[in-house]
Amino acid sequence: MSPSLDIEIRAKLASYLVDEISLEEFEDWFIAASWNVMHRESKITIDLVYDIELLLAEYSKDCWNEDELREQFLPIVQEYRVDIGYNHFIAIDSIAKVDRYPLLSASFGI
């Protein structure tokens, strides 16, 4: 069984953050890997893809320099959410927020 797309994205993003691959290599891989994500992935993965797409778009419009982009990407590889039920649970710095969604997910550091 292959790893889920969200884990693959985080692993590839981590490779970029530790300079194993360039930003261009990450973008090329990411665009191909996340194509048509709406029709085949969970809400968490879709949100992850859209978050990264937004950061890349802001970077391309000079809202961020590359060091700032790396800072924006860091929390994406440090926190992870998983689907485990009905509600959507987010834990941030010992503060919990519960929103109603079809899935329950929990954040934890990786």
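Only the coordinates and a few stated rules stand behind these numbers; no lab work does. In this text the structure is predicted, and so the values were computed from the model without any measurement. Using ideal geometry, Cβ is built from the backbone for each residue, glycine included, and neighbour counts are taken over all protein chains shown.
Values computed for the structure shown
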read-out	value
Three principal axis lengths of the range 5-77 [C-alpha, angstrom, descending]	32, 25, 21
Approximate spin-label separation E25-R40, in nm, with each point projected 7 Å along Cα-to-Cβ	2.4
Packing-based ranking, highest mean first, of 68-75, 5-12 given that Cβ atoms within 10 Å are counted	5-12, 68-75
Residues with amide H under 5 Å from that of E79, placed H, sequence gap 5 or more	I110
